[in-house]
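Notes follow the structure.
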Ligand SMILES: Cc1cc2nc3c(=O)[nH]c(=O)nc-3n(C[C@H](O)[C@H](O)[C@H](O)COP(=O)(O)OP(=O)(O)OC[C@H]3O[C@@H](n4cnc5c(N)ncnc54)[C@H](O)[C@@H]3O)c2cc1C
């Protein structure tokens, strides 16, 4: 069965022990927030997700969405769950107070998202897209558009979508053809066909606010000629309520491998009325604001699935009786031992465990930087935080979704044949999590973004927020007996990362294909080293606390065991990643295109 208990203890550890939550609450924007409030919010969020969303996960997958005459119906129970989501104020949690939001840190919002994605990834896409659309609107929309649309999007009464993809243009948005024609009244008329639009049409909200990329007639060719428009499903009356239907219609929904309760729509824009968001031809800039928020959000999808897959696999591994422990029967009264005794099953469980806990720790670090980048007290503080978020966004998106899929796969393996059949809901995790490696820019594109844009930006300045704390930690803890060999392991992996960074910078400058060939392995390497740093810090915190008797003793001892597993069984991959990066592009590019 799909099993989920909200990981509240670990969230608390990450927020207040591993990271410094008081740094956020010291900011003026969060002066009314404290750790107790965060804990209460997450507890309530845990109840909502596990009691309302989880029970709809398997039924939503089986039922899927239906399209009839342009109307999309979500599976049974989704409308009611969405109503509860809005009434509970969850849609407004980290939205800005000036438009009716609750103004909590994004860090708390991301932890709520993790629980939503763990319990019902399909459901999570609806508010997820609204959140991304709001980011672009807030940053680039006119005051009038913001006042008209943001409050209703924050309350969840209206939802959002993001319309980039067309049949002939996915990664390469410079190819897009949707046209926008300016009107005398300052609005635009949009025509074109979009595909794969998540939450493009559905029955959950009263209006859908599409953010659409399109090309003006006088636009330069390629990516520099794209503008962003706001196109509502229903045009607003003078009093701001939804009125006449706009010229946008759902012409089909995609039949796909997973996230079946999320409507993935084909949308036809036929002379649809729209409003420009940001400057003409600068749509990509505005869209990137939305995409960056979405990319972090998609990374969190990977984390959510990693957690629920882990918990489900653990529950099964404790129940399923097969074979005997290699060390001799551990449960002689039973006809066989539960499979949790077997080293190979533990390899899978421990891998899933460190995937989820490591990503949670790293995700919270990045989320906190996101909050500081937006609300930090001085400019330098904000800039440093922004640099760090810029560097880590592709890492969170790609590594978390890779690891989420790995965990889903390992959960299925733990269940054996019972995972492959549909009854337990484990194969759903595999199907649902797979898309996260593809949408919002494939993981290969994230890696190119990392090596091609984020590393060279500002002469490598983005790296400081990661490299400096790691180097300082190593220097401070070389002799720390609590950490033992761990610091040596971290130092070795960090050394490999520094060498790889230098090589990519040097070779990539002469030959961009060299950087492209190294990109995916480099992204995993920088991700692993970030996790290794956080696991080492975890141990430094957990060891002294693990000696104190009390209810938390097991929590800290388990943290230490997980960290050791990560160092013994996961971090060694950094050596092979470095060798692959060092090998360069030669063998990858050796065959002529027509030799494949
Ligand atoms: C379920 C689902 C939901 C989606 N939701 C949305 C949505 O809400 N809004 C929206 O606009 N889109 C959405 N998409 C589209 C999604 O973002 C794209 O599928 C994705 O960006 C990849 O584009 P593509 O499928 O055209 O693949 P392509 O761009 O054709 O890429 C194919 C392969 O080539 C690689 N590749 C392409 N170009 C390069 C390059 N320059 N260098 C190296 N490798 C390259 C890619 O990494 C990939 O492996 C969704 C897609 C799906 C399936």
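Here, each number is a calculation from the coordinates, and none is a lab measurement. For clarity, every value in this text was computed on a predicted model and none was experimentally measured. Neighbour counts are summed over all protein chains in view; Cβ atoms, including those assigned to glycine, are modelled from backbone coordinates with ideal geometry.
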With region 532-596 reduced to its Cα atoms and the Debye formula applied, log10 I(q)/I(0) at q = 0.24, 0.26 1/Å amounts to -0.95, -1.02
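Only bridges with both residues in the chain count here: give the DSSP antiparallel percent, nearest 5. Walk me through the numbers on the way to the answer.
On the way: 34 of 43 bridges.
Counting DSSP beta bridges with both partners in the chain, the antiparallel share is about 80 percent.
Just order 2-14, 532-544 by mean Cβ neighbour count inside 10 Å, highest at the front, would you? Can you show the working numbers first?
Working: 2-14: 19.6, 532-544: 21.4.
Going by the mean number of other Cβ atoms within 10 Å, highest first, we get 532-544, 2-14.
Which number do you get for Rg(Cα) / (2.2 N^0.38 Å) in region 166-214?
On the way: Rg = 12.9 Å, N = 49, 2.2 N^0.38 = 9.7 Å.
Normalised Rg, Cα atoms only: 1.34.
So between residue 576 and residue 67, what do we pick up on full extension, going 0.36 nm a residue minus the alpha carbon distance? Intermediate results must be reported in sequence, preceding the final value.
Numbers: separation 509, 0.36 × 509 = 183.24 nm, distance 4.81 nm.
Between residue 576 and residue 67, full extension yields 178.4 nm more.
Output needed for region 272-428: three equivalent-ellipsoid semi-axes, defined as square roots of 5 times the C-alpha gyration tensor eigenvalues, in descending order, whole Å.
Numbers: eigenvalues 387, 70, 18 Å².
So the three semi-axes of region 272-428 are 44, 19, 9 Å.
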Length-normalised contact order of the chain, Cα under 8 Å, at least 6 apart, in percent, tallies to 13 percent
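Which order do the peptides 256-262, 232-238, 42-48 take when ranked by the mean count of other beta-carbon atoms within 10 Å per residue, highest first?
Details: 256-262: 21.7, 232-238: 15.9, 42-48: 18.0.
Per-residue Cβ counts within 10 Å, averaged per peptide and sorted highest first, yield 256-262, 42-48, 232-238.
If you average 1/r across every pair of different Cα atoms in region 75-124 and take the reciprocal, what Kirkwood value do you get, in Å? Let's see the in-between values first.
Working: mean 1/r = 0.0869 Å⁻¹.
Over region 75-124, the inverse of the mean reciprocal pair distance is 11.5 Å.
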Cα long-axis angle, helix 143-155 against the chain (0 to 90 degrees, to the nearest 10):
50 degrees
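Which order do peptides 445-455, 520-530, 371-381 fall in by mean Cβ count within 10 Å, highest first?
Working: 445-455: 21.6, 520-530: 24.0, 371-381: 15.5.
Highest to lowest by the protection proxy: 520-530, 445-455, 371-381.
Could you give me D for region 1-122, from Stokes-Einstein at 25 °C and 0.890 mPa s, where the hydrodynamic radius is the Kirkwood radius over C-alpha pairs? Units µm² s⁻¹, please. Could the numbers behind the result be given before it?
Details: Rh = 15.8 Å.
Translational diffusion coefficient: 156 µm²/s.
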Degrees, to the nearest 10: 121-140 long Cα axis against longest axis of the chain
60 degrees
Debye equation applied to the C-alpha atoms of region 351-493, log10 I(q)/I(0) at 0.15, 0.16, 0.19 Å⁻¹
-0.93, -1.00, -1.17
Summing -39500 (n - 2.57) over every DSSP H run of at least 4 residues in the chain and dividing by its residue count gives a helix-only mean residue ellipticity at 222 nm, to the nearest 500 deg cm²/dmol, of -17500 deg cm²/dmol
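At 25 °C and a viscosity of 0.890 mPa s, what translational diffusion coefficient does Stokes-Einstein give for region 451-589, taking Rh as the Kirkwood radius over Cα pairs? Give it in µm²/s as a whole number. List each step's numbers first, then the result.
Working: Rh = 16.2 Å.
In µm²/s, the coefficient rounds to 152.
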Using 0.36 nm times the number of residues separating residue 319 and residue 583, minus their current alpha carbon distance, what extension gain do you get?
90.5 nm
The chain: equivalent-ellipsoid semi-axes (sqrt of 5 x gyration tensor eigenvalues, Cα, Å)
39, 29, 25
Using only Cα atoms, find the angle between the long axis of helix 553-565 and the longest principal axis of the chain, and express it within 0 to 90 degrees, rounded to the nearest 10.
90 degrees
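Out of all Cα-Cα pairs in region 163-291, roughly what percent, to the nearest whole number, are more than 19 Å apart?
On the way: 3887 of 8256 pairs.
Counting pairs separated by more than 19 Å, the tail of P(r) holds 47 percent.
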